[in-house]
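The values are calculated or read from the model by the stated rules, or taken from the named source; none is laboratory data. Note that the coordinates shown come from a computational prediction; the quantities given were computed from them, not determined experimentally. Neighbour counts are summed over all protein chains in view; Cβ atoms, including those assigned to glycine, are modelled from backbone coordinates with ideal geometry. Each accessible area value is taken on the protein alone, full model and side chains, heavy atoms only, with ligands, DNA and RNA left out. Shrake-Rupley method; radii C 1.70, N 1.55, O 1.52, S 1.80 Å.
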Amino acid sequence: MREGSATVVSAKVLIPQVNSLARERVDGLLDRIWQYRVGLVVAPAGSGKSTLLAGFSATANVPVAWYRAESWDAKTVTLLNHLCSAFTAALGPIPNGWDSVETAARALEAWGGRRALLVIDDLHTLEDTPAELTLERLIDYAPPSITFLIGSRALPGFNLSRLRVSGSLLEIGSEDLRFRSWEVERLFRDFYREPLPPEELAELARRTEGWAAGLQLFHLATTGKSALERRRILTALGTRSRLTREYLTRNVLDQLPTDLRWFLVRTCVMTRLTGPLCDAFLEGSGSHLVLQELERRQIFTYALDVRQDFPPLIQRIVASGERNPRIRIRNVNKKKFDEEAALLLGILNDAWSDNWGFIPLTPAEIAYAGKKLKPIVFEDLIRVAEYDGEPVAFMLTLPDLNILTKDLNGKLFPTGFAKLLWRLHKAHFAGARVPLMGVLKRLHGTRLASQLAFMMIEYIRRAGVSKYGMERGEIGWILEDNQPMRSIADAIDSYINKVYRIYEKPL
């Protein structure tokens, strides 16, 4: 088919047949589409957008018109001809000859039905084209009976702020589509019929970051393989995997403009990309324009309802650790808190040494921190993990002082501090926070590190709920690039409740 042709390709207006795992969490998000004018599913390649849209279309109790966009559909007439064909297949005979948005809108108004859905997949292929502008106008002109559901790898050039302000836009992103640890377990147990051991499931979820294509590629690579071979493939999973490289090459790099693809290939050996660094490396200029928007460093906190038991997979990982005689999870000893504080913060210095912006604590700072923390700590809310008798990890949990001091109007003196100490003495608080947690650096990226983290979190959760009346906890702050810790927070079914931005400026 020649570029810009108005010829309709029938395969592009047929709803694909998919066979996938039903995910109630994600399906529930799409079930709300009828409250909005437009639903927008934006996520990278391989995130499961098309599968989600096709599955929803197949089960919707309304007529569904389907259209998969491609880069050569850039002209208005090509887009409108495909949409006319899609709506005719879904609604039955309607006026044809769509040569403008106004003609299309009048044809849809002639349909007497109450509700219909137009699904457009791969809208990113029409970026900055007349067809994209035409679709935006159609959203404005089409009758209220038509709901639009769009899948794309990038935000379209629509006036999204107007849709958001009017409450007309439902947005679903890559974070929503990402498989949680319990969904990975169900995928391999119930859908692929090849259940994996809990440790491998946890590592697979961490290495793929819940990326749907990565999970599928792992399944394809390990079907019929021995347990030893499966472990080898799991260890190699990531950018070093041949299947992953082939997928990214065909579905991501090959679809980029030549200049951007050239830039990424040339700079892929660099561990950090900035305008000046890329200019120096490429012996050129203008790299900041290619990078477009420099990514700012973010820090997350995750909220968690601690009254709920953790998912079964996490419970099994904890139980496995409890059966391991080499692992011991103990409380701190408040009577020797100066020594304990030195131990905890020593682990912290090692664990956080590679974190962006971290400056190691000096012995004097450690002693001072221990002294200040002692009045507000509870022994069973601070856990130390030992392996073969060596302290290798810790987790420090404190009552949420913001809740306990909320009515003091920011004044601890003359009586506020006494009230705070009395409330701490009563040992009942609804919220708690985890400001510090660390595992020795030599264990980073290992299954043991994740297992110890899950065990400490679970033990503190149990004590907090049963003894102190805790209802919710906050785990933070977590750097955006700290994927192991983000995976742990995600695996226990927590969610991001605050996003902090840090800016730096040379002085």
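A few remarks follow.
- Protection proxy ranking, highest mean first, for peptides 387-399, 20-32, 107-119: 387-399, 107-119, 20-32, where packing is the per-residue count of other beta-carbon atoms within 10 Å, averaged.
- Per-peptide average of other Cβ atoms within 10 Å, ordering 220-230, 200-210 highest first: 200-210, 220-230
- Full extension of the chain segment joining VAL165 with VAL8 gains 52.9 nm, where the gain is 0.36 nm per residue of separation less the Cα-Cα distance.
- Spatial separation of Cα centroids for the range 198-226 and the range 88-121, in angstrom: 43 Å
- Close amide-amide hydrogen proximity is noted between ARG433 and LEU398, ASP400, GLU474, each under 5 Å apart and 5 or more residues distant or on a separate chain (H modeled in the peptide plane; Pro and chain starts excluded).
- Of LYS336, LYS371, the order by accessible heavy-atom surface (1.4 Å probe, DNA, RNA and ligands excluded), from most exposed downward, is LYS371, LYS336.
- Net charge dipole, the range 1-92: roughly 100 debye, given to the nearest 20, about the Cα centre with Cβ charges of +1 for Lys and Arg and -1 for Asp and Glu.
- Close amide H partners of ALA65, meaning residues 5 or more places away or on another chain with modelled amide H under 5 Å apart, are LEU117, LEU118, VAL119.
- Apportionment of accessible area to carbon and sulfur, the range 119-238, percent (1.4 Å): 54 percent
- Annotation: extensible slack from ARG326 through GLU209 equals 39.2 nm (criterion: 0.36 nm per residue apart, minus Cα-Cα distance).
- In terms of accessible area, using a 1.4 Å probe and ignoring ligands and nucleic acids, TRP72, TRP477 rank largest first as TRP477, TRP72.
- Simple spin-label estimate for LEU507 and ARG462 in nanometres, 7 Å along Cα-Cβ: 4.7 nm
- Neighbour net charge for VAL392 - beta-carbon separation under 13 angstrom, K R +1, D E -1: +2
- Electrostatic bookkeeping for GLU458 treats Lys and Arg as +1 and Asp and Glu as -1; over the other residues with beta carbon under 12 Å from its beta carbon, the sum is +2.
- Applying 1/(1 + (r/R0)^6) with R0 = 25 Å to the Cβ-Cβ distance of ASN96 and THR59 gives a FRET efficiency near 0.30.
- Among the listed pairs LYS12/LYS225; LYS335/LYS372; LYS49/LYS225; LYS374/LYS505; LYS372/LYS467, those whose Cα-Cα separation exceeds 26 Å are LYS12/LYS225; LYS49/LYS225; LYS374/LYS505.
- In the distance distribution for the range 1-158, Cα-Cα pairs more than 28 Å apart total 13 percent.
- Whole-Å distance, taken between Cα centres, linking the range 15-37 and the range 318-352: 44 Å
- Solvent-free Debye scattering, log10 I(q)/I(0), computed from the Cα coordinates of the range 26-75 at q = 0.14, 0.21, 0.22, 0.31 Å⁻¹: -0.43, -0.92, -0.99, -1.41
- Gain upon complete extension [ARG114, SER226; 0.36 nm per residue less C-alpha separation]: 34.8 nm
- Ordered from largest to smallest accessible area (heavy atoms of protein chains, 1.4 Å probe), the residues SER50, SER57 come out as SER50, SER57.
- Built amide H within the under 5 Å cut-off of GLY157, gap 5+: ASP128
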